[in-house]
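Chemist: The structure's right below; bear with me while I get my questions together.
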Amino acid sequence: MNQDLALKVLGQIMNWNDDRARQEFQWLRLMARLKYDGYRDFQAGMRFIESLATWLQQFEPHERETAYAFVRNTLVYIGTGEMQRLVEQFYPRTVRDRLIRTVAAERGMPSYRVLADPEARAAGERLRRQTLFMGLSDGARIDTIRHANAGLLNNEQLVQGTQVDTEKWRDLLDNLRSNLGDPKARFRLVYLVDDFAGTGTSFLRYDEKKEKWKGKLLRFKDSVQNATEALEGDALFEDGWELCIHHYVASAAAAQAIEGRLARTAEVFGAGWARAMHASFGTILPPDLPIDSVPGRYDDFLKLTESYYDPKIRTKHTDVGGATHLGLGYGACALPLVLDHNTPNNAVALLWAETDGGDREGVNAPAMRPLFRRRQRHA
């Protein structure tokens, strides 16, 4: 649809007078161009303003101003530029700092002297090559890390996923030894990288019903153990190796939860695993970002999350988060958040849920129309 026509339709939906329409159209044009039109999962032929007009029509006329105000004043959209910046800063701000501090601690010198000391600098370069980077999902952007650090990181130390077969592990180890000229070389640091953590449950959680730990970290551990057995004891990692987990973006609750669960690693993994596990984050969202974190702040919009809710969006996969009503999103995170490549299900459901309505659990549920439709991992 032509943008001017879409804006005209939007003005009619919102019943704006000319002055209000002029003011809002200016803001909408700017934000659509700079950010929202870049969202990857709009339907063909649709962009932000058309999506906004469609989304607002699901509400009663007297409720539309509340819904629009939420988008205008509360929505947090992390666009391509912001995410690119977080990925590009991952190595210089997080990895490089750990490499220098590790070498400094081993040599008993201040961190600022490492790069000036030839032997310490050589040790740092060796440690850099002994660092392995693995993606926990497509959002890890391993290819971007590679491009942003050309000449610093070797292609053979960057891996798209964590569940790799034994031959891939063997190739990684062989390339490491070839590059260092050391037939006994092993990895010393492993970085597991992901884009976003809303609750941290997909990364690591305890299943109360089955009384066991689950998550991506456990699958990584299984991959390592299987490869070690297949390699007949040729260990992938040096004694005392360390595991680092990095998320580009995390909610305040997820950051706290991940660090708390990692503190229980002895219980999860037992002896003989990594000497230490560390969590790092490109940015941690403010603790008061969830729309229910301050009583009375968003009461009108919270009512909409109840009134326009279809229980159909609940599945056995969403129950893992602990909340069976998903009006506030997975795990009841209540985040007003959209990522440019996909809307997290930790965001309030009105932003991403798409259903056809109808009879649900004895209630005539409304059809939910998404503003930023989500590409579901579990269809």
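Chemist: Using only the Cα atoms of region 271-378, what semi-axes does the equivalent ellipsoid have when each is the square root of 5 times a gyration tensor eigenvalue? Give whole Å, largest first. Spell out each step's value before the answer.
Modeler: Details: eigenvalues 160, 65, 37 Å².
Gyration-tensor ellipsoid for region 271-378: 28, 18, 14 Å.
Chemist: Let me ask another. If Lys and Arg each add +1 and Asp and Glu each add -1, what is the summed charge of the other residues whose beta carbon sits under 13 Å from the beta carbon of residue 253?
Modeler: Details: positive: 261; negative: 259, 288, 292.
The answer is -2.
Chemist: Within region 283-333, report the chymotrypsin sites (Phe, Trp or Tyr not before Pro) that DSSP leaves as loop and that have at most 14 other Cβ atoms within 10 Å. List each step's numbers first, then the result.
Modeler: Values: sites: 298, 301, 308, 309, 330; in loops: 298, 308, 309.
Counting only loop positions with at most 14 other Cβ atoms within 10 Å, none of the chymotrypsin sites (Phe, Trp or Tyr not before Pro) in region 283-333 qualifies.
Chemist: Could you work out the equivalent-ellipsoid semi-axes for region 231-297, taking the square root of 5 times each eigenvalue of the Cα gyration tensor, largest first, in whole Å?
Modeler: Details: eigenvalues 242, 32, 11 Å².
Square roots of five times the eigenvalues give 35, 13, 8 Å.
Chemist: Shifting gears a bit: Give the aspartates and glutamates whose C-alpha is closer than 18 Å to that of residue 312, dropping any in the same chain fewer than 8 places away, or say none.
Modeler: 354, 356, 359, 361
Chemist: List, largest first, the extents of the alpha carbons of region 113-157 along their principal axes, each in whole Å.
Modeler: 39, 18, 16
Chemist: Excluding residues fewer than 8 places away in the same chain, name every one of the aspartates and glutamates whose C-alpha is closer than 12 Å to that of residue 8.
Modeler: Counting by Cα, and skipping residues close in sequence, residue 8 has these aspartates and glutamates nearby: 18, 24, 50.
Chemist: When the scattering of the chain is computed by the Debye formula from its Cα atoms alone, each counted once and equally, what is log10 I(q)/I(0) at q = 0.14 Å⁻¹?
Modeler: -1.19
Chemist: Just how far, in whole angstrom, is region 289-344 from region 70-116 if you go by their alpha carbon centroids?
Modeler: Each part's Cα centre sits 30 Å from the other's.
Chemist: Show log10 I(q)/I(0) for region 10-130 at q = 0.19 Å⁻¹, two decimals, from a solvent-free Debye sum over equal Cα scatterers.
Modeler: -1.03
Chemist: If the reach is capped at under 17 angstrom between alpha carbons, list the lysines near residue 316, excluding any in the same chain fewer than eight residues apart.
Modeler: Counting by Cα, and skipping residues close in sequence, residue 316 has these lysines nearby: 209, 210, 214.
Chemist: Rounded, prolate or oblate, given the Cα gyration tensor of region 87-196, with a/c below 1.5 counting as rounded? Walk me through the intermediate numbers first.
Modeler: Numbers: a/c = 2.18, a/b = 1.33, b/c = 1.65.
Oblate, since a/c reaches 1.5 and b/c is not below a/b.
Chemist: Something else now. DSSP loop (so not H, G, I, E, B), at most 14 other Cβ within 10 Å: list which GluC sites (Glu not before Pro) in region 231-332 pass both filters.
Modeler: Numbers: sites: 232, 238, 242, 259, 267, 306; in loops: 232.
Qualifying residues, ordered by number: 232.
Chemist: A follow-up question, please. Which length gain, in nm to one decimal place, applies between residue 363 and residue 60 when the Cα-Cα distance is subtracted from 0.36 nm times their residue separation? Each step should come with its number before you reach the end.
Modeler: Working: separation 303, 0.36 × 303 = 109.08 nm, distance 1.90 nm.
Here the segment from residue 363 to residue 60 would lengthen by 107.2 nm.
Chemist: Further, regarding this structure: Can you give the Kirkwood hydrodynamic radius of region 139-179 from its Cα pairs, in Å with one decimal?
Modeler: On the way: mean 1/r = 0.0902 Å⁻¹.
Evaluated over region 139-179, this radius sits at 11.1 Å.
Chemist: For residue 83, what is the net charge nearby, where nearby means another residue's Cβ is under 9 Å from its Cβ and Lys, Arg count +1, Asp, Glu -1?
Modeler: Values: positive: 85, 141; negative: 82, 195, 340.
Result for the local shell: -1.
Chemist: Quick one: if you stick a label point 7 Å off each Cα along the C-beta vector at residue 209 and residue 238, how many nm between them?
Modeler: Here the modelled spin labels are 4.4 nm apart.
Chemist: Something else about it: Over the Cα atoms of region 215-264, how large are the radius of gyration and the largest Cα-Cα distance (Dmax), in Å?
Modeler: Rg and Dmax of region 215-264, Cα atoms, are 14.0, 42 Å.
Chemist: Quick check: residue separation of residue 97 and residue 294 times 0.36 nm, minus the Cα distance between them. What number comes out in nm? Can you show the working numbers first?
Modeler: Numbers: separation 197, 0.36 × 197 = 70.92 nm, distance 3.62 nm.
Net length gain for the segment: 67.3 nm.
Chemist: List the DSSP H helices in the chain whose Cα atoms stretch 15 Å or more along the helix axis and whose mean Kyte-Doolittle hydropathy is at least -0.5.
Modeler: On the way: long enough: 3-14 (16 Å, 0.75); 18-34 (24 Å, -0.98); 96-107 (17 Å, -0.80); 118-129 (17 Å, -1.48); 166-180 (21 Å, -1.17); 216-230 (21 Å, -0.64); 252-262 (16 Å, 0.49).
TM-like helix candidates: 3-14, 252-262.
Chemist: Say a paramagnetic label sat at a point 7 Å from the Cα of residue 186, along Cα to Cβ; which residues of region 200-237 have their backbone N under 15 Å from it?
Modeler: 224-237
Chemist: Take the alpha carbon atoms of region 4-56, find their center, do the same for region 136-197, and report the distance between the two centers in whole angstrom.
Modeler: 43
Chemist: Hey, another quick one. Could you tell me what fraction of 2.2 N^0.38 Å the Cα radius of gyration of region 311-362 comes to, as a two-decimal ratio? Write down the numbers at each step before the final one.
Modeler: Details: Rg = 11.0 Å, N = 52, 2.2 N^0.38 = 9.9 Å.
Output field value: 1.12.
Values in this text are rule-based calculations from the coordinates and carry no lab data. All values reported here derive from a predicted model rather than from experimental measurement. Backbone-built Cβ (ideal geometry, glycine too); neighbour counts: all protein chains shown.
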